[in-house]
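So the structure is just underneath, and the comments pick up after that.
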Amino acid sequence: MDWLIEFYNNYIAELTWVSIILRLLLAVLVGGLIGSERGRSGSPAGLRTHILVCLGAAMTALISVYVAKEGGFDDVTRIPAQVISGIGFLGAGMIIVKKNNVITGLTTAAGMWATATIGIALGYGFYLGALIATGACIFTAAVLTRLERKSRKSMHIYAEIAKAEEAGKITDQIRELLGHEALIEVSGARSGMQGNIGLYITASTQSTEATRQEIERIEGISFAIQE
């Protein structure tokens, strides 16, 4: 056990080639785990985006520690601090206000910001905090997102539109069918079919199967399934 503690203190905790490789590899792994889960939920920011954000954030922290170690400056928080504010511009580009003041992309933007902070933690060598935060992010994306959708209303349907240019017309038809209080979330297509757009539809109705069939019969809808 003593040799393990000594190895950690000399190679993992300190800025060495071993710890640099470990921190960057963990950034790729953590970003990939969070990104893959967001990708399965239809988020436009998936695996590659989250990996790059986490990796870039980790690098800013590593650069700060390296420059401070080499005697450049003592403030190791200056560069990573810009990531915290700067990632907001990336996240803002994902937030869209649609018709009837429906806002989408907030969860994706928040996830990107959280992934960046985890990357900074890894760059500084705060392994435990980064891993706990990763677990919390994945739990939020994988479990709480599904629970939230189920608790909103009694009916949940996922549908896909074949042509993006018809999205506005089709969502209007769905709202005429279900009522204007229906919540329609636009996302990437889960099927992976080229050009398709995904719709998560939440509305208050008990006629789930009948409603699903009516939605599927709308011209331009590729398919609709009950969630």
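All of the numbers you see were taken from the coordinates with simple rules; none came from a lab. In this text the structure is predicted, and so the values were computed from the model without any measurement. Ideal geometry is used to build each Cβ from the backbone, glycine not excepted, and the neighbour counts take in all protein chains shown.
When each of GLU166, GLU37 is scored by the number of other beta-carbon atoms lying within 10 Å, the sequence from fewest to most is GLU166, GLU37. Other residues whose C-beta falls under 14 angstrom from the C-beta of THR115 contribute a net charge of +1, scoring Lys and Arg +1 and Asp and Glu -1. For the stretch 153-226, the Cβ-based charge dipole about the Cα centre amounts to some 160 debye (Lys, Arg positive; Asp, Glu negative; other atoms uncharged). Three principal axis extents describe the C-alpha atoms of the stretch 153-226; from largest down they are 33, 20, 19 Å. A simple spin-label model places pseudo-atoms 7 Å from Cα toward Cβ; at VAL67 and GLN194 they are separated by 4.5 nm.
Between GLU165 and GLU14, the contour length at 0.36 nm per residue exceeds the Cα-Cα span by 49.0 nm. Listing MET193, MET155 from fewest to most neighbouring C-beta atoms within 10 Å gives MET193, MET155.
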